[in-house]
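Okay, structure first, notes after.
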Amino acid sequence: MGNKRPIVFHIPKWYPNRYDSLLGVFVKRHILSTMPACLPVVIHVMASQSSDQWYELEDSMEDGIKTYRCYYKKNITGINALDKFVKLLLYFWLVMKLYRLAKRVVGKPNVIHAHILLRTAVVARMIQVLDRVPYVVFEHASVFIRVEVKAFNAFTLSVARYVVRKASVVITVSECLAKRMRDHYGLQNKSYEVIYNCVNTEVFNEKEALPHRTIKEFVYVAEFDNNSKNITGLFEAIASLYQKRKDFRLSVVGYGKDEAMLLALSEKLGVLNTAVFFKGKLSAKDVAESIKQADALLMFSNFETLSCIITESLCCGTPVISTAVGGIVEIINPDNGLLVPKADQEAMQLAIVKLIENKVAFDKHAISQHAYRLFSNQAVGEKLVSVYKRLSLC
């Protein structure tokens, strides 16, 4: 290859689109982190929420990424079982159609990067067989670490084991995710690597020293999905603590399907606009500012592969109080935060009190610098580019 940039075709399950600008945004961040060392192309095919056409093709350049999108008709025959089969075939046909188009325009890729199992990796394997292009599987999904659900049925599990085994490299965002994939699902591969989600450190960067204040400021940032985030449990812990002391407040940043329920609950608990303040959906810049103004970020999740907002908070130098779940235990330690047992409201209250009463102290500069070395675009991008270049030479 010499000094030529590797051409990498990305096939994501989730990616920002006309219906949801935040869906799979972490995938786009990973892709951006590899530029300009690589020449990326995105091929994203998904069901349309509104179109009556069989499919719509879009060709665009977004932030320097050559992007091919296709939206296919969601309801085809009206028979659910038949629709699933027809749409599966349609998906593979459309991805291959876009692949051939992209190859004519950009050139044959050196690597195919499939983001999130399973269809993406199946089509990557098809390309490998047809064009002898190596492929990488990058997994983010929390379904693998949730003990109460199954990621696959018997048939799809056998397919997943096959395409994972044939991949040149399998990348996960945390070691706990890799372990569950290998040990629980039997998704074996000779080369597993952990590469964290990346943070835009031009936005999420080290904060200025906070002024002394008698009211401690905490912040919560996430999608309002109570099943995974256990926001009701956090609000109940906050309400119980607020009955005992009034020297703290929580800013809640985000939006989602459970927003109305959470607003009603906070009002019922007597903490709405007294201890808990909803800030709505904010821009990345304003999210970063909210984190920088906080004494700590709070998270009370039931499960996480690796929380993007926690990595962003650490890059700002803001410590984290979180439940000890999933990949969070791999990045939070006594130097940058406090961990509490899952769903343990009393433990969360005690951790908050420790920070309010200055019984724990954190070095914001040390937190930020350590996080930069793990999560910055440069750090993550270098690891991904290293994988691509290694495979390009095979």
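For the pair residue 53 and residue 390, a Förster radius of 35 Å applied to the C-beta separation gives a FRET efficiency near 0.25, rounded to the nearest 0.05.
Within the straight-line cut-off of under 16 Å between alpha carbons, the lysines reachable from residue 359 are 216, sequence neighbours fewer than 8 places apart in one chain being disregarded. The relative contact order of segment 216-374 comes to 24 percent, based on Cα pairs under 8 Å that sit 6 or more residues apart. Fewest neighbouring Cβ atoms within 10 Å first, the residues 274, 120 line up as 274, 120.
Pairs of Cα atoms nearer than 8 Å and 6+ residues apart set the relative contact order; for segment 150-201 it is 40 percent.
Residue by residue, segment 46-53 carries 3J(HN,Hα) couplings of 8, 6, 7, 8, 9, 6, 9, 6 Hz when phi is fed to the Karplus relation 6.51 cos²θ - 1.76 cosθ + 1.60 (θ = phi - 60°); x denotes Gly or Pro. The HN-Hα couplings worked out from phi for segment 156-173 by the Karplus form 6.51 cos²θ - 1.76 cosθ + 1.60 (θ = phi - 60°) are 5, 5, 5, 5, 4, 4, 5, 6, 5, 5, 7, 5, 6, 8, 10, 10, 10, 8 Hz, whole numbers, x standing for Gly and Pro.
Taking the helices alone, the chain has a mean residue ellipticity at 222 nm of -12500 deg cm²/dmol, built from -39,500 (n - 2.57) per DSSP H run of at least 4 residues and averaged over all its residues.
Model label points for residue 60 and residue 79, set 7 angstrom from Cα along the Cα-to-Cβ axis, are 3.7 nm apart. Compared with the dominant principal axis of the Cα atoms in the chain, helix 231-242 is inclined by about 10°.
Looking at segment 1-72, the trypsin sites (Lys or Arg not before Pro) that sit in a DSSP loop and have at most 14 other Cβ atoms within 10 Å of their own Cβ are 4, 18. The distance from the alpha carbon centre of segment 166-184 to that of segment 363-394 is 18 Å, rounded to a whole number.
Put in line by how crowded their Cβ is, counting other Cβ atoms within 10 Å and starting with the fewest, 44, 113 read 44, 113. Can you spot the lysines whose alpha carbon is less than 25 Å from residue 190's alpha carbon? Ignore those fewer than 8 places along the same chain. Partners within reach: 13, 150, 166, 179, 383, 389.
From the coordinates of this entry, Cα extents along the principal axes in Å is computed, and it appears in [x] 55, 54, 41; [y] 66, 52, 39; [z] 60, 46, 44 under the label [y]. Leaving out same-chain residues fewer than 8 places away, which lysines sit with a Cα under 16 Å from that of residue 207? Leaving aside lysines fewer than 8 places away in the same chain, those within reach of residue 207 are 285, 292, 364.
The residue among 370, 95, 332 whose Cα reaches farthest toward the positive pole of the charge dipole of the chain, with charges on the beta-carbon of Lys, Arg, Asp and Glu, is 95.
Taking each residue as 0.36 nm, the span from residue 88 to residue 244 lengthens on full extension beyond its C-alpha to C-alpha distance by 50.6 nm.
Report the residues of segment 155-183 in range of a label on residue 383: point 7 Å along Cα→C-beta, backbone N strictly under 18 Å from it. So the set is 168-182. Relative contact order of the chain: 16 percent, from C-alpha pairs under 8 Å at least 6 residues apart in sequence.
Readers should treat all values here as calculations from the given coordinates under stated rules, not as data from a laboratory. Note that the structure is a prediction, hence the values are computed from the model and not measured. In this analysis, Cβ positions are derived from the backbone assuming ideal geometry, glycine residues included, and neighbour counts consider all displayed protein chains.
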